[in-house]
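Have a look at the structure below, then the notes.
The values are calculated or read from the model by the stated rules, or taken from the named source; none is laboratory data. Keep in mind that this is a model prediction, so the values were computed, not measured. Don't worry about glycine lacking a Cβ; one is built from the backbone with ideal geometry, like all the others, and counts go over all protein chains shown. Keep in mind that these areas ignore ligands, DNA and RNA; they rest on the heavy atoms of the full protein, side chains included. Shrake-Rupley method; radii C 1.70, N 1.55, O 1.52, S 1.80 Å.
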Amino acid sequence: NAGVTQTPKFRVLKTGQSMTLLCAQDMNHEYMYWYRQDPGMGLRLIHYSVGEGTTAKGEVPDGYNVSRLKKQNFLLGLESAAPSQTSVYFCASSPRGAGELFFGEGSRLTVL
Amino acid sequence: KNEVEQSPQNLTAQEGEFITINCSYSVGISALHWLQQHPGGGIVSLFMLSSGKKKHGRLIATINIQEKHSSLHITASHPRDSAVYICAVRRYSGGGADGLTFGKGTHLIIQP
């Protein structure tokens, strides 16, 4: 049982490049989230989805886009990466809005 | 003032010691989560509680809704307990689109 899987685990980008982070969950969860974690700060919500085909903005959505074409996958895209987007990104899923959270291993992104 | 405050920020203890990590919050909540993050690793959900006390192995979590306070205890601590412990509260309203507000974490080191 893989749980929540994030790919890639590490990536280095140059300013202006684009990339996509993939989050896949095999627990048939409705809710999926993308967070970023920065030193000295708590986790901050970027975007989230309450079901297949739906997405919504979180606390820090600027510079990111997301898609949830399939229930098990939640993609986070950076169209034009900036150094301020250097961070560790975590995907999480939950069976319902107020349920337990299941996190992925994280993806460390560095933008030069 | 942050809505979720954890103390201490850093804690170093000897193997076998009883550990207490505190979380205080200033808003009405429906649930509180305790999460564990090992260095360079993913985030694991330890507890989700809305009242009373929960126990899992050597870990015990308590919450006092009236005092807006929760504690995470580790009995017979072991070096493998070394990790960052994160408190997150689910607010009745607000607190980000997912209703969760995260603390900054407590960095615990258990020395052999």
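Just one of the numbered conditions (1) assigned to a loop (DSSP other than H, G, I, E, B); (2) open to solvent by 50 Å² or more (accessible area, probe 1.4 Å) is not true of A:ARG11: (1). For residues in region B:14-26 being out of contact with any Ser or Thr (no Cβ under 6 Å at 6 or more places or on another chain) and assigned to a strand (DSSP E or B), which is farthest from B:LEU59 (Cα to Cα)? Across region B:14-26, the extreme among qualifying residues is B:TYR25.
So which of B:VAL4, B:VAL89 is at pLDDT below 95, within 14 Å of another protein chain (Cβ to nearest Cβ) and touching a Leu at 6+ places or on another chain (Cβ under 7 Å)? Step through it out loud before you land on a result.
Working: B:VAL4 fails: touching a Leu at 6+ places or on another chain (Cβ under 7 Å).
Going through B:VAL4, B:VAL89 in turn, just one is at pLDDT below 95, within 14 Å of another protein chain (Cβ to nearest Cβ) and touching a Leu at 6+ places or on another chain (Cβ under 7 Å): B:VAL89.
For region A:79-99, a residue qualifies if it is open to solvent by 70 Å² or more (accessible area, probe 1.4 Å) and touching a His at 6+ places or on another chain (Cβ under 9 Å), and exactly one does: A:ARG96. Check whether at least one residue in region A:89-109 is farther than 23 Å from B:GLY41 by Cα, of a type outside the set (D, E, K, R) and more than 14 Å from chain B (Cβ to nearest Cβ), and report yes or no. No.
Number of residues in region A:29-52 that are touching a residue at least 60 places away in the same chain (Cβ under 8 Å) and surrounded by fewer than 19 Cβ atoms within 10 Å (Cβ to Cβ) equals 1.
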